[in-house]
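The values are calculated or read from the model by the stated rules, or taken from the named source; none is laboratory data. Note that this is a predicted model, so its numbers are computed, not measured. Cβ placement follows ideal geometry from the backbone for every residue including glycine, while neighbour counts extend to all protein chains displayed.
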Amino acid sequence: MELERDIYQNLLAWKGKKNRKVLELEGARQVGKTYILDKFAKREYEKHIYINMLASSGSDFLRCLETAAKWEPGQKREENPVYKAFQLYDCDFEDDDNLLVVIDEIQESSVVYSKIREFARNFKAHFIVTGSYLGKTREKEYFLSAGDVESLTMTTLTFPEFLDAFHKRELYDSVGLYGESDHAAYDELRSYFKIYLQIGGYPEVVTTYLENENIQECVSVIDNLIRIFVKESSRYFEGPLELEMFEKVFSSIAITLLKEKKGTSDLTTDLTKIIFKEESGRIAKRTTNYAISWLYLSHQIGYCSMSVDCSNLDIVDNCRYYFNDLGIAGHFLKLTGEPMSEIEGILCENFVYLELVRRIRKGEIAGQVPWFATDKKTSGELDFYVRSRVDHKDYGLEVKRGKNQANTANVLLERGKLDYIYHLKNTYGGISGRKYSVPLYLCGRVSFAMGKEDKN
């Protein structure tokens, strides 16, 4: 079954730009980057060239580059050896704007990666580079002119995209946020959300469920995806200690989410203590940091920062981790042996985190990563705190929590620390003053422009 992805519209927008740069498509392994680009190339271009730096096509292109760049004293230099390399690689090569060149797994060659400036400046053809482990390109031998690249991140399926596979996207878009629709509509969406919460959004996992509606088979696919990721990543780790740390870090992140709700000022140290209880010091900490960075740059995990006293100007960076897919999160959370009630609470929180990441990328809310907030006066915590870049108002988000959590949010509202509260939980929705109850699965539709709407 063909899964529709919203990122296709972003690709169309990039194609339509006059001053187009090379597009660097980022994203975890198996999120569908190659699939969507193949579809894009065939639909939108007359010609396309696909080169995979992990396959024979990559080796062939490197040989073409080497041949084109050869020069002997007394000979005339090739004016554009990269252009010549493409002519050698593809005898039908013609440089025009009806050609799309896709270079996959580009992190495997610093030589090719360092040609991105030339792709951008010396060719009429459109270029897209991609890879699952682009974090490797942070190493010294990789040269990139930042002004020549535009980045786009592809994630696993969002909940609306997941619903698209069941032909329920229209229902998601039309149902009222605050209980205005028939209860049957909310109940139907909730039933799909329950599935999404368990299996996440990897295309292979979703397709598996569409074929047989068997959760356990989906879990098996998730397990295999994790094994492949760990195996592929191992070639980027040098010593046995680094590899051991990397293999343990996933489950340890799940433990930090379950153990510590107030964040920490030194996340690396805390994680190291969980993994190596008897080992401390700079070596272990440095190794932990490398493993965490790799998971982050491979788009497996994300950070959440802490707002002190619910202020957008007092932020402590990277105080909590979240997973970038709910299926992966569920796998490691279940390994802890905690009851499903606790695990489901963390998964719901992780879901909202991912929705806020998307809002940040769209430029709707402040910060480089989502924020949670603490309150000095009550020693309470707010699940998420949002400073809108649209109306410059402050929003508190409470996710499927108990009375204490709600009280913290209410106190912050009364004291003027917040302008609006969203209660995201198992509800049909409702409004009480500046407090809005919204079904959790609809959090991707909540507005962070309420102040602007009030003025109208």
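Applying the selection to region 177-189, what residues are buried (at least 16 other Cβ atoms within 10 Å of the Cβ) and in contact (Cβ under 8 Å) with a residue 24 or more places away in the chain?
Within region 177-189, Leu177, Gly179, Tyr186, Leu189 qualify.
Of the residues Ser174, Ser145, which is exposed (fewer than 12 other Cβ atoms within 10 Å of the Cβ) and polar (S, T, N, Q)?
Every option except Ser174 fails the conditions.
Go through Tyr83, Tyr142, Tyr133 for me and flag whichever is in contact with a helix residue (DSSP H, G or I) (Cβ under 6 Å, 6 or more places away or on another chain) and more than 18 Å from Thr34 (Cβ to Cβ). Show your work before the answer.
Working: Tyr83 fails: in contact with a helix residue (DSSP H, G or I) (Cβ under 6 Å, 6 or more places away or on another chain); Tyr133 fails: more than 18 Å from Thr34 (Cβ to Cβ).
Exactly one residue qualifies, and that residue is Tyr142.
Limited to region 149-173, what total is found for residues that are touching a Leu at 6+ places or on another chain (Cβ under 9 Å) and assigned to a loop (DSSP other than H, G, I, E, B)?
Final tally of qualifying residues: 8.
Any residue at all in region 61-70 that is at pLDDT below 95 and in a loop (DSSP other than H, G, I, E, B)?
Yes, region 61-70 has at least one match.
Name the single residue that is farthest from the chain's Cα centre (by Cα) among those in region 234-252 being surrounded by 21 or more Cβ atoms within 10 Å (Cβ to Cβ) and not small (Gly, Ala, Ser).
Looking only at region 234-252, we keep the residues that are surrounded by 21 or more Cβ atoms within 10 Å (Cβ to Cβ), and these are 245-246, 249-250, 252.
The next check asks that each one be not small (Gly, Ala, Ser); those that pass are 245-246, 249-250.
On the way: Met245: 23, Phe246: 19, Val249: 18, Phe250: 16 Å.
Among those that are surrounded by 21 or more Cβ atoms within 10 Å (Cβ to Cβ) and not small (Gly, Ala, Ser), it is Met245.
Pick out the one residue from Arg20, Arg29, Arg77 that is assigned to a loop (DSSP other than H, G, I, E, B) and under 28 Å from Val230 (Cα atoms).
Arg29
Counting just the residues of region 363-374 that are part of a strand (DSSP E or B) and out of contact with any helix residue (DSSP H, G or I) (no Cβ under 6 Å at 6 or more places or on another chain), which one comes out surrounded by the most Cβ atoms within 10 Å (Cβ to Cβ)?
Result: Ala373.
Matching residues to (1) free of Cβ contacts under 8 Å to residues at least 60 places away in the same chain; (2) touching a Gly at 6+ places or on another chain (Cβ under 7 Å); (3) closer than 24 Å to Ala28 by Cα:
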{"site": "Tyr172", "(1), (2), (3)": "no, no, no"}
{"site": "Asn212", "(1), (2), (3)": "yes, no, no"}
{"site": "Glu232", "(1), (2), (3)": "no, no, yes"}
{"site": "Arg235", "(1), (2), (3)": "yes, no, yes"}
{"site": "Glu238", "(1), (2), (3)": "yes, no, yes"}
{"site": "Glu242", "(1), (2), (3)": "yes, no, yes"}
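For (1) within 23 Å of the chain's Cα centre (by Cα); (2) under 22 Å from Arg169 (Cα atoms); (3) outside any strand (DSSP E or B), each residue gets a yes or a no:
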position	(1), (2), (3)
Leu356	yes, yes, yes
Arg387	yes, no, no
Tyr422	no, no, no
Val438	no, yes, no
Tyr441	yes, yes, yes
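Which one is nearest to Met306 (Cα to Cα) among residues in region 331-380 that are touching a Lys or Arg at 6+ places or on another chain (Cβ under 9 Å) and among the charged types (D, E, K, R)?
The qualifying residue nearest to Met306 (Cα to Cα) is Asp375.
Please indicate, with yes or no, whether at least one residue in region 135-153 is charged (D, E, K, R) and without any contact (Cβ under 8 Å) to a residue 12 or more places away in the chain.
Yes, because at least one residue in region 135-153 is charged (D, E, K, R) and without any contact (Cβ under 8 Å) to a residue 12 or more places away in the chain.
Tell me whether region 248-266 contains one or more residues that are of a type in the set (A, V, I, L, M), under 24 Å from Gly27 (Cα atoms), part of a helix (DSSP H, G or I) and at pLDDT below 85.
Yes, region 248-266 contains at least one residue that is of a type in the set (A, V, I, L, M), under 24 Å from Gly27 (Cα atoms), part of a helix (DSSP H, G or I) and at pLDDT below 85.
How many of the residues making up region 202-233 are crowded, with 19+ Cβ neighbours inside 10 Å, part of a helix (DSSP H, G or I) and under 19 Å from the mean Cα position of the chain (by Cα)?
Result for region 202-233: 7.
Would you mind stating whether Ser109 is small (Gly, Ala, Ser), closer than 18 Å to Glu232 by Cα and touching a Phe, Trp or Tyr at 6+ places or on another chain (Cβ under 9 Å)? Outline the logic, then answer.
Numbers: small (Gly, Ala, Ser): yes; closer than 18 Å to Glu232 by Cα: yes; touching a Phe, Trp or Tyr at 6+ places or on another chain (Cβ under 9 Å): yes.
In short, yes.
Kindly indicate which of Val316, Val352 is at pLDDT below 95 and either over 12 Å from the mean Cα position of the chain (by Cα) or outside any helix (DSSP H, G or I) (or both).
After ruling out the rest, the residue left standing is Val316.
Can you name the residue in region 2-30 that is small (Gly, Ala, Ser) and in contact (Cβ under 8 Å) with a residue 40 or more places away in the chain and, of all such residues, is farthest from Phe119 (Cα to Cα)?
Initially, region 2-30 is screened for residues small (Gly, Ala, Ser), giving 13, 16, 27-28.
Filter once more, so that each one left must be in contact (Cβ under 8 Å) with a residue 40 or more places away in the chain: 27-28.
Values: Gly27: 21, Ala28: 24 Å.
The extreme case among them is Ala28.
Look through Leu54, Leu37 and report the one residue that is at pLDDT 95 or above and in the same structural domain as Lys115 (by TED's automatic domain parsing).
Leu37
Under 8 Å between Cβ atoms, which residue pairs at least 6 apart in sequence (or on different chains) link something in region 76-105 that is in contact (Cβ under 8 Å) with a residue 60 or more places away in the chain with a partner that is part of a loop (DSSP other than H, G, I, E, B) and surrounded by fewer than 19 Cβ atoms within 10 Å (Cβ to Cβ)?
Final answer for the pair search is Leu100/Tyr45; Asp104/Leu54.
Which one of Arg434, Arg445 is of a type in the set (D, E, K, R), more than 23 Å from His183 (Cα to Cα) and surrounded by fewer than 22 Cβ atoms within 10 Å (Cβ to Cβ)?
The match here is Arg434.
For Asp309, indicate whether it is modelled with pLDDT of 95 or more, charged (D, E, K, R) and not in a helix (DSSP H, G or I).
In short, no.
Can you tell me which residue within region 107-142, out of those that are among the charged types (D, E, K, R) and not in a helix (DSSP H, G or I), is surrounded by the fewest Cβ atoms within 10 Å (Cβ to Cβ)? It would help to see each step written out before you state the result.
Applying the first criterion (among the charged types (D, E, K, R)) to region 107-142 yields 108, 115, 117-118, 121, 124, 136, 138-141.
When the remaining residues are screened for being not in a helix (DSSP H, G or I), the result is 115, 124, 139-141.
On the way: Lys115: 22, Lys124: 11, Glu139: 9, Lys140: 6, Glu141: 9.
Per the stated criteria, the residue is Lys140.
Of all residues being of a type outside the set (D, E, K, R) and surrounded by 20 or more Cβ atoms within 10 Å (Cβ to Cβ) in region 90-106, which is farthest from Met53 (Cα to Cα)? Just the residue, please.
Leu99
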